[in-house]
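Have a look at the structure below before the remarks.
The values are calculated or read from the model by the stated rules, or taken from the named source; none is laboratory data. Keep in mind that what you see is a predicted model, and the values were worked out from it rather than measured. Neighbour counts are summed over all protein chains in view; Cβ atoms, including those assigned to glycine, are modelled from backbone coordinates with ideal geometry. The area values use the complete protein model at the heavy-atom level, side chains included, leaving out ligands, DNA and RNA. Shrake-Rupley method; radii C 1.70, N 1.55, O 1.52, S 1.80 Å.
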Amino acid sequence: MYPLDVVKTRIQLQVGTGAQAEYSGIIDCITKIVKNEGPSRLYRGISAPILMEAPKRATKFAANDEWGKIYRKAFGVTEMNQQLAILTGATAGATESFVVVPFELIKIRLQDKTSKYSGMGEVFRSIVKNEGPLALYNGLEATLWRHITWNAGYFGVIFQVRSLLPKAKNQTEKTVNDLISGAIGGTVGTLINTPFDVVKSRIQNTVTAPGVVRKYNWTLPSIVTVFKEEGFAALYKGFLPKVLRLGPGGGILLVVFTKTMDFFRTIHYKD
């Protein structure tokens with residue numbers, strides 16, 4: 001699904017709408033990238049998310065589980081409810097953000113059309129040398145907004161949809177329920193967090209000289225800037241490739257996590 005992420009970033013970074021926009025949609029963007037830059041460009045920057053995905057997903061679900069235990073104890077409840085599912089998901093998203101920011105920053109810099117970097121290592125060295133080590137966490141605040149809202153929507157919706165679906169009687173039905181609830185959760189999470197993702201991409205792709213005021217810096221002012229200059233629709237640039245990736249991806253993610261945990265529980269109980 002990575003080419004969809006490249007397309008999403010390209011569309012989010014382009015300023016202007018309608019005839020002013022370089023890419024009119026997913027197919028147009030893919031066609032132009034392949035024609036003008038070569039097919040391999042659709043996978044540019046993939047090394048960063050490959051290295052990021054395992055710790056990111058592990059942190060997401062581990063944090064969601066641990067924060068759930070903390071909140072249930074703090075609020076004196078024994079069962080997870082809708083409100084706690086949302087709160088737990090949001091806190092897990094915040095925890096996850098600290099893991100992903102440097103990888104996301106490097107990925108965005110490589111995905112940009114004007115990028116001249118040869119690879120992940122060169123981006124890392126350039127940022128540390130020219131902007132300082134702390135610059136690896138540029139966009140942290142926007143990433144927090146993005147992950148808090150997505151995970152709150154994702155885990156909150158999963159809890160609700162699971163309660164509405166018929167109770168699974170076997171493993172096949174359990175897998176189907178997880179696929180449905182995860183896909184709906186991923187879609188809702190994407191609906192909520194796309195504006196934060198748009199400004200995050202722009203913040204992380206901004207390189208300025210020392211002392212120069214950045215156009216995109218903090219999340220909420222950046223959202224206001226995009227809205228004023230490009231209209232409300234611009235806050236949802238890249239939504240279609242993003243939801244095509246994270247909608248089904250949310251279902252697959254939940255199914256794989258559940259199956260993997262069931263497998264390890266089987267080994268644990270055997271031992």
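Per-structure values
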quantity	calculated
Exceeding the 24 Å Cα-Cα cut-off - candidates 8/107; 69/259; 129/237	129/237
Fraction of accessible area attributable to carbon and sulfur, the chain (%, probe 1.4 Å)	67 percent
Dimensionless Rg ratio for the stretch 83-169, taking C-alpha atoms and the 2.2 N^0.38 Å reference	1.48
Probe 1.4 Å, all protein chains present, accessible-area order of 252, 203, 27, largest first	27, 252, 203
Computed over the stretch 137-271: relative contact order in percent, which uses C-alpha pairs under 8 Å that are six or more apart	34 percent
Coarse-grained scattering of the chain at q = 0.07, 0.08 Å⁻¹, given as base-10 log I(q)/I(0) from a Debye sum over alpha-carbon atoms	-0.27, -0.36
Trypsin sites (Lys or Arg not before Pro) within the stretch 157-198: DSSP coil, no more than 13 neighbouring Cβ in 10 Å	167, 169
The stretch 1-98: relative contact order as a whole-number percent, Cα under 8 Å and 6+ apart	23 percent
Neighbour net charge for residue 198 - beta-carbon separation under 13 angstrom, K R +1, D E -1	+4
Charge sum, other residues only, whose C-beta stays under 14 Å from residue 229's C-beta, Lys/Arg counted +1 and Asp/Glu -1	+3
Equivalent ellipsoid semi-axes - Cα gyration tensor, the stretch 40-85, angstrom	36, 10, 5
Whole-Å semi-axes of the ellipsoid equivalent to the stretch 104-213 (Cα gyration tensor, √5λ, descending)	39, 15, 10
Positive minus negative residues near residue 145 (Lys, Arg vs Asp, Glu; Cβ under 11 Å)	0
Per residue solvent-accessible surface (Å²) - the chain, probe of 1.4 Å	51 Å²
Within the chain, helix-based [θ] at 222 nm, where runs of 4 or more DSSP H residues each add -39,500 (n - 2.57), nearest 500	-25500 deg cm²/dmol
√(5λ) per eigenvalue of the Cα gyration tensor, the stretch 1-147, largest first, Å	35, 19, 13
Cα-based Kirkwood hydrodynamic radius, the stretch 184-271, one decimal, Å	15.6 Å
Proximal aspartates and glutamates relative to residue 113, as straight alpha-carbon distance under 12 Å, when same-chain residues fewer than 8 apart are discounted	22, 37
Value of relative contact order over the chain, rounded to a whole percent, pairs C-alpha under 8 Å and six or more apart	23 percent
Hydrodynamic radius (Kirkwood) for the stretch 135-180, which is based on Cα pairs only, to one decimal in Å	12.7 Å
